[in-house]
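Encoded as C-alpha cells, the structure appears first; notes follow it.
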Amino acid sequence: MAHHTIKSSYATLSERLNRYPQGAPPSEILFSILKILFSEKEAELVASLPIKPFTAEKASRIWKMELTATRNALDQLASRAILVDIEQNGETVYVLPPPMAGFFEFSMMRIRDDVDQKVLGELFYEYMNVEEDFIRELFTQGETQLGRTFVHEPALSAQNALHVLDYERATHIIESATHRGVGICYCRHKMEHKGQDCDAPKDICMTFNNTAASLIRHEYAREVDVNECLDLLQVAYDHNLVQFGENVREQVNFICNCCGCCCEAMIAARRFAILNPVHTTNFLPVVDTVSCIGCGKCVSACPVEAMTLISTNDASNPNKKMAKVNEDLCLGCGVCVRACSQGSIHLKSRPARVITPLDGIHRAVLMAIERGKLQNLIFDNQVLLSHRALAGVLGVVLKLPPIKQILASKQVRSRYLETLIGRYNKGK
C-alpha cells in the first residue's frame, strides 16, 4: 500500500512536469529519479505549483498551508536547487524550472553527499541515453528548440564579425549578465559515474542572471567575474568544446560547453539530425579543396559528424582525400575552422538568418503552440495567472504569424482569444 502511495505522488509530479512545453515523459526510471530528489510530501506539494513564477503567498493559498511554513518549504526546495528563487522589487518570487535545462542539471552541478550521485547519474543515463523518449521530445518536437549554438568567435574573420549580432556572441552574454556562476558540467559528471566521461574540463558549466544568482546563493555554482568567465570560455575554445546556450536573445540563463561524446545536445544532434534538434548559428564552414590535405583533424573535432573525408578523384594520387561538409547536419559552431592546421576552412553566412526568440516567454509560447501545450501556460493548474503574466503570453500570440495564431486558438478553444486575434489583425 505504501509503495502505491509513493508511486502515485511521483507519478502525479511527473505528469505535472510533462505539462511543460518541452515535456518529461513518465516512466519508472523518472519516478526513481524524482524519488531521489524529492520526498513523497515534496513531490505532492511541487506537483500543485504553477508553471509560471509565483510568490509564497500564492503557494500558501494553493497548498492551504500557513505562510511561514510555506516559505520554509519553498526555501528548503530552493536550497537544493529544485526551485529557483528570484529577488524582484524587494519580494522573493519562486520558479519551478523544467527538468532540462533545470533541476536535472542542477542536481549534478556540484559534488554533494545528500544524494547518491552515482545512482542518480546512472538513472539519468538510462532515462536520457537508453529510454530516449525524453530526449526525443525535448529536442525534436516542433520548430522552436530549447537551445542554440554559439559560433566560436576566434574562428570568425573580420568580415564574418560584421554579421554577428550581440546576442549571438558568448562573450556578450558573459559581459552583459547581472550574475555569472560556474558549476560542474552535468553531462560529463553523469558520464563519469558510468565510467564513460572524456578528459574535457568539467568545472565549466556557465549560468547567468537570475538563475546564476539563485545557484550561487545556494552554493550550486561559484560566482565568477567577467574576466574569469571569459578565461573559461577560452579554455572551452582550446578544448574544441561547443557553446550551447539558451535559445533566447535577452536574459540568457545558461551556456554549456559541450563535447561531442558526453553532452546531451550534441548526442541528440547526431541521433536526430534530420529533425534539427539544435538551432544552428548563422554560419556554415567552407572547405578550400585546393589547400586541404585531407588530414582529418576537422573530422575528429566535429561534435556532430558533419565533416567527412572523401576522395579527391585525383588520378595521379588515388589515395588523396579532402574534407567535405554536410550542411544539413552542421551546427555552424566553427570548431572545424580552429582544428584545421592548414587554414583550409573558413565560415560563410547561411542563406537565411536563423530566428531566435526574444525571451523566455516568447520561446515558451512558441514551444507550447508547436507541441500542443499552450493551454497549460494559460490555464495552468486551474489557478489563473496574474493579469500581467497572461498579458505577456497573449502579447506574444498576437505577434505570431497567422498559421501559429490559428494553432494557438484551436488549442485554447477560447472565443476571447479568437476575438482578440481578429481585432489585432484588423488593426494592423
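The values are calculated or read from the model by the stated rules, or taken from the named source; none is laboratory data. This structure is a prediction, so every number in the text was calculated from the model and none was measured. Cβ placement follows ideal geometry from the backbone for every residue including glycine, while neighbour counts extend to all protein chains displayed. In case anyone asks, the SASA skips ligands and DNA or RNA and just uses the protein heavy atoms, side chains included. Shrake-Rupley method; radii C 1.70, N 1.55, O 1.52, S 1.80 Å.
Normalised per residue, the accessible area of segment 101-253 is 39 Å², obtained with a 1.4 Å probe and no contribution from ligands, DNA or RNA.
Heavy-atom accessible area, probed at 1.4 angstrom with all protein chains present, ranks 39, 214 as 39, 214, highest first. The distance between label points at residue 194 and residue 326 comes to 2.1 nm (points 7 Å beyond Cα on the Cα→Cβ vector). Rounded to the nearest 0.05, the FRET efficiency derived from the C-beta distance between residue 57 and residue 315 at R0 = 56 Å is 0.10. Put a dot 7 Å past the Cα of residue 28, heading toward its Cβ, do the same for residue 111, and the two dots end up 3.4 nm apart. Taking every alpha-carbon pair under 8 Å whose residues sit at least 6 apart, the chain reaches a relative contact order of 15 percent.
Measuring with a 1.4 Å probe in the full set of protein chains, what accessible area per residue, in whole Å², belongs to segment 271-380? Please report the intermediate quantities before stating the final value.
Numbers: 5150 Å² over 110 residues.
Accessible area per residue, segment 271-380: 47 Å².
Toward the positive end of the charge dipole of segment 178-316, about the Cα centre and with charges on Cβ (Lys, Arg +1; Asp, Glu -1), which of 198, 226, 237 goes farthest? Farthest along the dipole direction, towards plus: 198.
Go ahead and run the numbers for FRET between residue 178 and residue 234, Cβ-Cβ distance against an R0 of 35 Å, rounding to 0.05.
Taking R0 as 35 Å, the efficiency between residue 178 and residue 234 is 0.95.
Along segment 302-319 the Karplus relation, 6.51 cos²θ - 1.76 cosθ + 1.60 evaluated at θ = phi - 60°, assigns HN-Hα couplings of 5, x, 10, 6, 8, 9, 9, 9, 10, 5, 7, 6, 8, 4, 7, 9, x, 8 Hz to successive residues, with x for each Gly and Pro. The alpha carbon centroids of segment 263-322 and segment 215-256 are separated by 27 Å. Pairs to check: 373/399; 348/404; 118/373; 52/404; 52/410. Give those whose C-alpha atoms are more than 26 Å from each other in this structure. Going by Cα-Cα distance, 348/404; 118/373 fall outside the 26 Å limit. Residues considered: 68, 207, 149. Largest GNM mean-square fluctuation over the chain, using C-alpha springs under 10 Å, is found at 68. For the pair segment 1-74 / segment 354-370, the C-alpha centres are spaced 25 Å from each other.
Surface composition of the chain: carbon plus sulfur atoms hold 52% of the accessible area, using a 1.4 angstrom probe and ignoring ligands, DNA and RNA. Here nothing in the chain passes the span test, since no DSSP H helix has an alpha carbon length of 27 Å or more along the helix axis and a Kyte-Doolittle mean of 0.0 or above.
As I understand it, the dipole of the chain uses +1 on the Cβ of Lys and Arg and -1 on the Cβ of Asp and Glu, about the Cα centre. Which of 368, 69, 130 lies farthest toward its positive end? The residue sitting farthest along the positive end of the dipole is 368.
For residue 321, a cut-off of 18 angstrom between C-alpha atoms picks up these lysines, skipping any fewer than 8 places away in its own chain: 297.
In a simple Cβ point-charge model (Lys, Arg +1; Asp, Glu -1; nothing else charged), the chain has a dipole of about 1580 debye relative to its Cα centre.
With r defined as the distance between the Cβ atoms of residue 342 and residue 398 and R0 fixed at 45 Å, what FRET efficiency is calculated, to the nearest 0.05? Computed FRET efficiency for residue 342 and residue 398: 0.30.
Here the extension length gained between residue 15 and residue 358 equals 120.6 nm, from 0.36 nm per residue of separation less the Cα-Cα distance.
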